[in-house]
1. So is GLY60 assigned to a helix (DSSP H, G or I) and at pLDDT 95 or above or not?
2. Let me confirm something: among GLY23, GLY49, which residue is at pLDDT below 85 and under 17 Å from the mean Cα position of the chain (by Cα)?
3. Is it the case that PRO104 is in contact with a Lys or Arg (Cβ under 8 Å, 6 or more places away or on another chain), in a loop (DSSP other than H, G, I, E, B) and modelled with pLDDT under 95?
4. So how many residues does segment 61-84 have that are exposed (fewer than 15 other Cβ atoms within 10 Å of the Cβ) and in contact with a Leu (Cβ under 8 Å, 6 or more places away or on another chain)?
5. Scan segment 63-83 for residues that are under 23 Å from ASN32 (Cα atoms), part of a loop (DSSP other than H, G, I, E, B) and at pLDDT 95 or above and jot them down.
6. Return yes when ILE94 is touching a Gly at 6+ places or on another chain (Cβ under 7 Å) and modelled with pLDDT of 95 or more and no when it is not.
7. Pull up segment 27-60, narrow it to residues that are touching a Phe, Trp or Tyr at 6+ places or on another chain (Cβ under 8 Å) and polar (S, T, N, Q), then point me to the one that is surrounded by the most Cβ atoms within 10 Å (Cβ to Cβ).
Amino acid sequence: MGTSKWLARWMALSALLAMPLWGHAQDVQGRNLAASCAACHGTDGNSAGGMPPLAGQNKGLIVRAMREFRSGSRPATVMHQLAKGYTDAQIETIAGYFAAQGKPSDGGPPYSTY
């Protein structure tokens, strides 16, 4: 087998083996970015009350709300300042992390009422 064929196969195999690690890295990044939300929205987005839970909410709703906070079009006390610190990609990652979490046992209020 020629060197170029061997190298191409090795690179393809390496990419396939790295895929699970990439997914894990994305999960860890989402969890790390979402950790700053825990003070108000609870661990993993499972709010104990006072603030809406983020766990299990629709990703698109969370993204829209964060962009509205960032632009100032959605009223807030501190969220408009916090949202300004995130890029669109980071907001997508955070929203994806919370959407993947299980909903709280009581269901909590819908995010759209936030």
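The values are calculated or read from the model by the stated rules, or taken from the named source; none is laboratory data. Everything quoted here is computed from the prediction, not taken from an experiment. Note: ideal-geometry Cβ built from the backbone for every residue, glycine included; neighbour counts use all protein chains shown.
1. yes
2. Working: GLY49 fails: under 17 Å from the mean Cα position of the chain (by Cα).
So the residue among GLY23, GLY49 that is at pLDDT below 85 and under 17 Å from the mean Cα position of the chain (by Cα) is GLY23.
3. When the stated conditions are applied, PRO104 does not pass them.
4. Adding up the residues that qualify gives 0.
5. none
6. yes
7. Restricting to residues being touching a Phe, Trp or Tyr at 6+ places or on another chain (Cβ under 8 Å) and polar (S, T, N, Q), the top hit is GLN57.
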